[in-house]
Amino acid sequence: MLDVGDAPATGPVAGPSSSSTMPRRRPHPVFVPRPQIAEEDECPICHRELPPRTLPNFEALREAHINSCITAHSRYGGPGTTPDEGGGPDALPPMPPRRTGMFPYTATEKDCVDSAECSICLEEFEAGVAMARLECLCRFHRACINAWWERHPGRCPMHQHDGFGY
């Protein structure tokens, strides 16, 4: 660690002043990536690490974890808590829900073949209209899916998935 007294003398250092012409910069938040988890050790529902294989009953613990996650995430109202979010001394901070991705685009003639329609408003697609495609490849009018997502964030109206296990 560098002590202030050890700093090289390179000239006057400008401190904060009202006449300073330098714009103030806010520090950027530091992104700390989650540790990489082997696929076989990751819960397919909540994407957290499963109980370690070194435990004598790891298979039963893993099965219980996954069953609990399936139950919690199957409720239509939204995700519940996963076994890791119980609030115990070793509980991890809650993982932010992964939202299903949306690819916005403008409809072309290809989107209008075979009387293709928006499953939300049931109107046929028209060329030039703002559209959105989800990760599951479902297509909707952008305004329709945005309105749907206000009450069901990240959830596909057709598949009812919300990106947790998708």
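The values are calculated or read from the model by the stated rules, or taken from the named source; none is laboratory data. Everything quoted here is computed from the prediction, not taken from an experiment. Backbone-built Cβ (ideal geometry, glycine too); neighbour counts: all protein chains shown.
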Inset, instruction - Within segment 64-83, count every residue that is surrounded by fewer than 13 Cβ atoms within 10 Å (Cβ to Cβ) and modelled with pLDDT of 85 or more. - result: 1
Inset, instruction - Output the number of residues of segment 108-124 satisfying the condition of being in contact with a strand residue (DSSP E or B) (Cβ under 9 Å, 6 or more places away or on another chain), at positive phi and aliphatic (A, V, I, L, M). - result: 0
